[in-house]
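For reference, the structure discussed in these notes is given below.
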Amino acid sequence: MPQDFAPRILTWFDQHGRHDLPWQRDTSPYRVWVSEIMLQQTQVTTVIPFYQRFMAAFPGVADLAAAPQDQVLHLWTGLGYYARARNLHQAARQVCEQLGGEFPADVEGLMALPGIGRSTAGAIVSIAHGERAAILDGNVKRVLARYHAVPGWPGTTAVHKTLWEIAERYTPAERCADYTQGMMDLGATLCTRSSPQCPRCPLAADCAAHAMGRETDFPGKKPKKTLPVRRTRFLMLRDGDGRAWLEKRPPQGIWGGLWCFPEGEDLDPTHWCLDTIGRAPDAIETWPGFRHSFSHYHLDIEPILVELGNSPGLVMEANRQLWYNVRQPPAIGLAAPIAGLLQQLAHQDLAKE
DNA sequence: AACGCGGGGTA
DNA sequence: TACCCAGCGTT
């Protein structure tokens, strides 16, 4: 272990790191926390506009705690992994109701909040409080796995443990916030997955993977398995005013808490209408199918437009169902494919004028 | 089409 | 402890 590991990161960070990210302007625990949750599974360039909208709507933890869940999920629409938003909202409520509105200042306390694990807690402690705490996000894993040529996939307990030990050892007491940001920047901008720019890297001189010319062999790859394919139909019910019928999904499971078209593998539009509103639809139009992929399966979606005309006869259960007006979209959470289809409906609506 | 990304939940 | 679950953007 070289003594100058952290100093090399810090010198590089001062010269080449990112210093103008929105969450670096004011590093309060709340702002750092929201940014870290958004940055889980999501790259910086994607996160920036979401972060800015979120902060404009909820400048402080009390604003978030007081917001309706639909608004929180609305601002998360398109980011994915919606459990992050539900946990964020729940944690904000806990901070306000049980902790007097103050975030815990230590890793243990932070980890007691939903959605905060060891790495996210470390990021908040180091960046917001300036205290020594290690992180191990995907970027840092890649940098350390290459630097030490740690074999194996970090998803296994053994490799994960090894990387955490290395991360803890290198984390300095001084300038811990800059070190943390520097490691993430290094992984995100130089030590990238497929084409690392080793000539510019402050660690290249004694990087084990670089010495072997096998940078992209580390970290080891996740064992691949073929994903199952499932299919479903979306019934896009439209009333005479061009509004679409949506139903709120249960809080658990896929797209939890988001709004969706009536959906099912073998839904038949005519049968559905007869069963639900007692008459057949005015018109049915099958749209081109498309595939939406999750981490654990592919979903082949068949969208079917079902025209109900005036007085559709659907009874709304408050908070569970709504007519979505494409001209005045309500602030609700939508999964990406639903948002895309509603966008197309809005386009059609506009073209009719 | 494959890949990568932190954390929660469950057996 | 070892899986399974979750949704995008990038390559």
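Every read-out reported here was derived from the displayed coordinates using simple, explicitly stated rules and does not represent laboratory data. These numbers were taken from a predicted model, which means no experiment stands behind them. Backbone-built Cβ (ideal geometry, glycine too); neighbour counts: all protein chains shown.
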Karplus-derived 3J(HN,Hα) from phi for segment A:254-265 (6.51 cos²θ - 1.76 cosθ + 1.60, θ = phi - 60°), whole Hz, x at Gly and Pro, runs 4, 6, x, x, 8, 9, 8, 5, x, 9, x, 4
Connecting every pair of Cα atoms under 10 Å apart in chain A and solving the GNM, the largest mean-square fluctuation among A:T171, A:T27, A:T276 falls on A:T276
Rounded to the nearest 5, the percent of antiparallel DSSP beta bridges in chain A equals 60 percent
Between the alpha carbon centres of segment A:326-341 and segment A:213-292 the gap in Å comes to 13 Å
Taking N as the residue count of chain A, its alpha carbon Rg divided by 2.2 N^0.38 Å gives 1.18
Links exceeding 29 Å between C-alpha atoms in this model, out of A:K161/A:K225; A:K161/A:K224; A:K141/A:K225; A:K221/A:K248, come to A:K221/A:K248
Note on segment A:4-217: contact order normalised by length, alpha-carbon pairs under 8 Å, 6 or more apart, percent, works out to 22 percent
For segment A:212-261, the Debye formula with one identical point scatterer on each Cα and no solvent gives log10 I(q)/I(0) at q = 0.19, 0.20, 0.23 Å⁻¹ as -0.83, -0.87, -0.97
Amide H contacts under 5 Å for A:M236, restricted to residues at least 5 apart in sequence or on another chain and with H modeled in the peptide plane, are A:I304, A:L305, A:V306
Once the mean of 1/r over all distinct C-alpha pairs in segment A:229-352 is inverted, the Kirkwood radius in Å reads 14.9 Å
Of A:H19, A:H296, A:H160, the most mobile residue in a GNM of chain A (C-alpha springs, cutoff 10 Å) is A:H296
Here, trypsin sites (Lys or Arg not before Pro) of segment A:151-235 satisfying both criteria (DSSP loop; at most 15 other Cβ within 10 Å) are A:R193, A:R214, A:K221, A:K224, A:K225
Env charge @ A:R132, Cβ radius under 15 Å, K,R +1 / D,E -1, value -3
